[in-house]
1. Does the range 200-231 hold any residues that are under 16 Å from Thr287 (Cβ atoms) and in contact with an Asp or Glu (Cβ under 9 Å, 6 or more places away or on another chain), and which are they?
2. Restricted to the range 62-78, and to residues that are more than 17 Å from Arg100 (Cα to Cα) and of a type in the set (D, E, K, R), which residue is most open to solvent (accessible area, probe 1.4 Å)?
3. Name the strands (runs of 3 or more DSSP E) wholly inside the range 136-240 in which the number of residues that are surrounded by 20 or more Cβ atoms within 10 Å (Cβ to Cβ) and among the hydroxyl-bearing types (Ser, Thr, Tyr) is 2 or more.
4. Going by the conditions given, is Glu281 open to solvent by 10 Å² or more (accessible area, probe 1.4 Å) and either under 25 Å from Tyr195 (Cα atoms) or touching a Leu at 6+ places or on another chain (Cβ under 6 Å) (or both)?
5. Determine whether Glu326 is over 15 Å from Val178 (Cβ atoms) and either over 18 Å from the mean Cα position of the chain (by Cα) or part of a helix (DSSP H, G or I) (or both).
6. Can Leu76 be described as outside any loop (DSSP other than H, G, I, E, B), closer than 22 Å to Lys119 by Cβ, aliphatic (A, V, I, L, M) and modelled with pLDDT of 95 or more?
7. Tally the residues that are under 11 Å from Phe271 (Cα atoms), basic (Lys, Arg) and open to solvent by less than 90 Å² (accessible area, probe 1.4 Å), restricting the search to the range 241-260.
8. Have a look at Ala282, Ala367 and point out the one that is among the small types (Gly, Ala, Ser) and part of a loop (DSSP other than H, G, I, E, B).
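The values are calculated or read from the model by the stated rules, or taken from the named source; none is laboratory data. These figures come from a predicted structure and were not determined experimentally. We place every Cβ from the backbone using ideal geometry, glycine too, and count neighbours over all the protein chains shown. When the accessible area is computed, the model is the full protein with side chains, heavy atoms only, and any ligands, DNA or RNA have been set aside. Shrake-Rupley method; radii C 1.70, N 1.55, O 1.52, S 1.80 Å.
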Amino acid sequence: MATNFMLRNWKSLRSIGIYCYVTWSGSKNLKHVGTGIVTGFAAYSVSKVTVSAAQNDLHNYVKTFMAEPITAVEKLQKNQNDMKTKMELLVMKTQADFCRALESLESNGSFKVDRWTRKEGGGGITCVLQDGEVFEKAGVNVSVVTGVLPPNAIQQMRARGKKMGDSVPFFAAGVSAVIHPRNPMIPTIHFNYRYFEVENPDGTTQWWFGGGTDLTPYYLDEEDAKHFHKALRAACDKHDPSYYAKFKEWCDNYFNIVHREERRGVGGIFFDDLDTPNQNEAFQFVTSCAEAVIPSYIPLVEKHKDDGYGYRERQWQLLRRGRYVEFNLIYDRGTKFGLYTPGARYESILMSLPLNAKWEYMHEPEAGSKESQLLEVLKNPRNWLDEAKSSNAHA
């Protein structure tokens, strides 16, 4: 990221005597060198010369997004060091990268882009692809909203230990996606990364990050699960070696369909109320997690998109999607918060629901079947990477 680059390379930049800029691609390497141009959040002064062209740069950068940002570009440019700006640019970039990665695999369809606003403040960009050859329904949503928290949301946050008054101005920015593939051999992925900021009566702020990425297969492929978890662990380990195990367990516990006594999928990572070690380091961690989505998932789509399947596999997929719907509508905290928020855009909140799903009365998979093999893992979560280490040790 640009801020880290500046700190690591300040001395060398002074000796160059020109302005440098880096593309916001997640790489830590210098990508381009130019005069008076910055891509990202900040303009850097070298030898006390002003970067005159920086004012135009963000206008060019946002053209790579799926739509114009919710906040005016001029305001983003003016407040480039504000975490609200940084997070809005991150979620916009994450949405655009993921949508284009999915479109590159789809031979029959592209994303419909719907930019919307809410009268209470802010808005969002909903990108949906439906009835594709590879993806039956894929939704990638950005929301950047402001306003005053409704009572139900305040109560929910107080229950998590937040100290809140009765009238709480807030800012929230996030990106969320749920991908429902057509082929039952391709797993569904969900991810969500968000930043929340509230204003206290004395003018100070409380802030925190939350999010996670999780995988929901219809048929168990252990190598897929190991690949997925390995990518997430690598993202966590860049920042704190304790994160992966802690957030993996949190994910298993959160995505729990309590009344079914089974997890929604094979897990991933999940965290909330993250406000340590400091704001910038927490943001860098969230950035790493967001950047891990494509390498964790796209190879699985490429691996399975041409796999054969029949009527039985399709019916099982529809049944499992029914479980997905049950979790999202009954337990998911983000869905509840969205529905509680005044001026909520219900089409965008419910974009996570599949195009087709199914319920059968008292359905049980046949003992010893591939379907029952998946159900066993959902009822008893596994530590995929510890098992991989153990297998290698015995080899």
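1. Trp207, Trp208, Phe209, Gly210, Gly211, Gly212 - these are the residues of the range 200-231 that are under 16 Å from Thr287 (Cβ atoms) and in contact with an Asp or Glu (Cβ under 9 Å, 6 or more places away or on another chain).
2. By that ranking, first place goes to Lys78.
3. Per the criteria, 188-199, 205-216.
4. Considered against the rule, which asks whether it is open to solvent by 10 Å² or more (accessible area, probe 1.4 Å) and either under 25 Å from Tyr195 (Cα atoms) or touching a Leu at 6+ places or on another chain (Cβ under 6 Å) (or both), Glu281 comes out as yes.
5. So Glu326 fails the test.
6. Yes, satisfied.
7. So the count comes out to 1.
8. Going through Ala282, Ala367 in turn, the sole match is Ala367.
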